[in-house]
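Novice: Below you'll find the structure I mean.
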Amino acid sequence: MSSDDVPPFDTIAIAGLGLIGGSIALGVRERWPAVRVVAVDRPPVLAHAAGSGAIDRQAASVAEIGRADLLVLAAPVQQNVQLLAQASSHFAGSATVITDVGGTKRDIVEAAAARGNGTPAFLGGHPIGGSEHGGFGFARPDLFRGKPWIFTPNATTASGVLDRLCQFVRGLGARPTTMDAAEHDRLMAYVSHLPQLTASALMQVVGDAATAEGLRVAGRGLTDTTRLASSPVSSWREVCAANADVLGGALDALIATLTKLRSDLGSGKAVEEIFDEAARWRAELMKGRE
């Protein structure tokens with residue numbers, strides 16, 4: 001048996017069994033069948049997960065988890081901050097490692113830094129493996145395969161904690177990487193949060209103008225461009241609020257580009273410039289993906 005076959009954590013607790021939390025549970029079950037998985041969520045979700053064999057035990061709250069080597073906070077970002085406070089108290093003095101999977105990092109990293117002595121080790125994380133559909137029903141064990149999983153260590157992060165979490169996510173098929181929490185939030189505002197808001201706004205504008213009858217004649221350009229418009233608002237509302245300062249600047253940049261297009265439709269010069277630049281960046285985006 002190689003070191004990669006030995007699970008870095010024997011008991012894993014997951015608070016929130018949506019798409020990401022559920023996929024972690026399923027991935028753990030597939031990769032390390034002997035690892036014990038405890039989950040916190042609403043009773044119907046827990047019943048579904050237990051029935052599928054994804055978890056071993058159900059818990060109504062963090063306080064009912066019992067012992068765990070790893071706790072993954074997989075609720076919406078603002079709820080994760082609240083759960084971190086509960087978990088810090090519940091696991092005080094233990095060797096438990098806590099991480100999260102939220103789409104913003106500054107708030108929870110700052111909350112972790114403000115905790116008192118004796119609290120468990122925390123390392124912020126963000127798997128880049130989402131989908132336009134949410135909920136445990138869409139979870140799958142290969143969701144993270146080949147995808148980046150970002151960790152946001154700081155000066156107080158023990159190297160052993162980062163090493164164990166990197167081993168864990170590699171076991172799920174992901175590619176661990178690290179960056180500063182503030183840089184994470186700045187980058188995600190452009191590569192993740194802005195595309196989501198743009199797709200949703202575009203679909204609303206087109207739908208209102210075309211109506212259901214007009215949408216029947218739309219081609220793949222619209223369906224491909226607005227795939228993200230199916231995303232549930234439940235988690236995105238909190239992401240937008242947590243990253244409002246940086247995301248506001250990203251929206252301003254997009255509005256400025258659209259305004260440039262709008263003011264130069266007749267000559268086409270801005271259209272040509274923006275299309276050329278967009279095609280160049282699109283080619284860069286797709287390197288190694290096709």
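The values are calculated or read from the model by the stated rules, or taken from the named source; none is laboratory data. Keep in mind that this is a model prediction, so the values were computed, not measured. As a convention, Cβ positions derive from the backbone with ideal geometry for all residues, glycine included, and neighbour counts pool all protein chains shown.
Novice: Which of (1) out of contact with any Leu (no Cβ under 9 Å at 6 or more places or on another chain); (2) among the hydrophobic types (A, V, I, L, M, F, W, C); (3) closer than 21 Å to residue 8 by Cβ; (4) touching a residue at least 40 places away in the same chain (Cβ under 8 Å) is the odd one out, the single condition residue 166 does not satisfy?
Specialist: (4) is the only condition that residue 166 fails.
Novice: Taking residue 173 as meeting all but one of (1) surrounded by 14 or more Cβ atoms within 10 Å (Cβ to Cβ); (2) modelled with pLDDT under 95; (3) not in a helix (DSSP H, G or I), write down the number of the exception.
Specialist: Exception for residue 173: condition (2).
Novice: Hey, another quick one. Might you check whether a residue that is of a type in the set (S, T, N, Q) and within 22 Å of residue 100 (Cβ to Cβ) occurs anywhere in region 190-213?
Specialist: yes
Condition check ((1) touching a residue at least 60 places away in the same chain (Cβ under 8 Å); (2) under 27 Å from the mean Cα position of the chain (by Cα); (3) more than 17 Å from residue 128 (Cα to Cα)) across all residues:
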{"position": "179", "(1), (2), (3)": "no, yes, no"}
{"position": "186", "(1), (2), (3)": "yes, yes, no"}
{"position": "190", "(1), (2), (3)": "yes, yes, no"}
{"position": "209", "(1), (2), (3)": "no, no, yes"}
{"position": "215", "(1), (2), (3)": "no, no, yes"}
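Novice: If you check residue 104 against the conditions, is it among the hydroxyl-bearing types (Ser, Thr, Tyr), closer than 20 Å to residue 123 by Cα, surrounded by fewer than 24 Cβ atoms within 10 Å (Cβ to Cβ) and under 23 Å from the mean Cα position of the chain (by Cα)?
Specialist: Considered against the rule, which asks whether it is among the hydroxyl-bearing types (Ser, Thr, Tyr), closer than 20 Å to residue 123 by Cα, surrounded by fewer than 24 Cβ atoms within 10 Å (Cβ to Cβ) and under 23 Å from the mean Cα position of the chain (by Cα), residue 104 comes out as no.
Novice: Restricting attention to region 138-157, which residues are within 17 Å of residue 30 (Cα to Cα) and either in contact with a His (Cβ under 8 Å, 6 or more places away or on another chain) or buried (at least 19 other Cβ atoms within 10 Å of the Cβ) (or both)?
Specialist: 139, 141, 143, 144
Novice: Only one of these is closer than 16 Å to residue 168 by Cβ, buried (at least 20 other Cβ atoms within 10 Å of the Cβ) and in contact with a strand residue (DSSP E or B) (Cβ under 8 Å, 6 or more places away or on another chain): 39, 49, 25. Name it.
Specialist: One residue alone meets the criteria, 25.
Novice: Considering only residues that are buried (at least 20 other Cβ atoms within 10 Å of the Cβ) and in contact with a Gly (Cβ under 7 Å, 6 or more places away or on another chain), which ones fall in region 74-98?
Specialist: 74, 75, 77, 80
Rundown of residues vs (1) assigned to a helix (DSSP H, G or I); (2) over 30 Å from residue 225 (Cα atoms); (3) out of contact with any Lys or Arg (no Cβ under 9 Å at 6 or more places or on another chain); (4) of a type in the set (Val, Ile, Thr), yes/no style:
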{"residue": "137", "(1), (2), (3), (4)": "yes, no, yes, no"}
{"residue": "149", "(1), (2), (3), (4)": "no, no, no, no"}
{"residue": "162", "(1), (2), (3), (4)": "yes, yes, yes, no"}
{"residue": "182", "(1), (2), (3), (4)": "yes, no, no, no"}
{"residue": "193", "(1), (2), (3), (4)": "yes, no, yes, no"}
